[in-house]
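Below is one structure, written out as structure tokens; the observations come after it.
What follows draws every value from the coordinates through simple rules; no lab data is involved. Predicted, not measured: the structure shown is a model, and the values here were computed from it. For neighbour counting, all protein chains shown are included, and Cβ atoms are generated from backbone atoms with ideal geometry for every residue, glycine included.
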Amino acid sequence: MLELRPNCETCDKDLPNGGSEAYICTFECTFCEACASETHKDVCPNCGGNFSLRPTRPAALMDKFPQSSKRVLKS
């Protein structure tokens, strides 16, 4: 099950479910559109994976499996 993280791992921007700016890499690292394309040049800095738009989870699945409440902390 895909874990929807609530923020960009680089700039900490909020990325709600259904947001058009949320991107994930091959291993589900989460970034905003600007960080994915401009800062990281479409290659994940964590694992080297390629980015794609994060899928939107239907409301029924959000109720059953809510997105993570843990924010990704910048190190």
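R57 fulfils the conditions (1) surrounded by 13 or more Cβ atoms within 10 Å (Cβ to Cβ); (2) free of Cβ contacts under 8 Å to residues at least 24 places away in the same chain except for a single criterion, (2). Restricting attention to the range 60-75, which residues are surrounded by 12 or more Cβ atoms within 10 Å (Cβ to Cβ) and outside any loop (DSSP other than H, G, I, E, B)? Listed by number, the residues that qualify are L61, M62. Residues of the range 9-54 that are touching a residue at least 60 places away in the same chain (Cβ under 8 Å) and out of contact with any Lys or Arg (no Cβ under 9 Å at 6 or more places or on another chain): none at all. Taking the range 26-41 as the range and being surrounded by 13 or more Cβ atoms within 10 Å (Cβ to Cβ) and farther than 17 Å from M1 by Cβ as the test, the residues that pass are F31, C32, E33, A34, C35, A36, S37, T39, H40.
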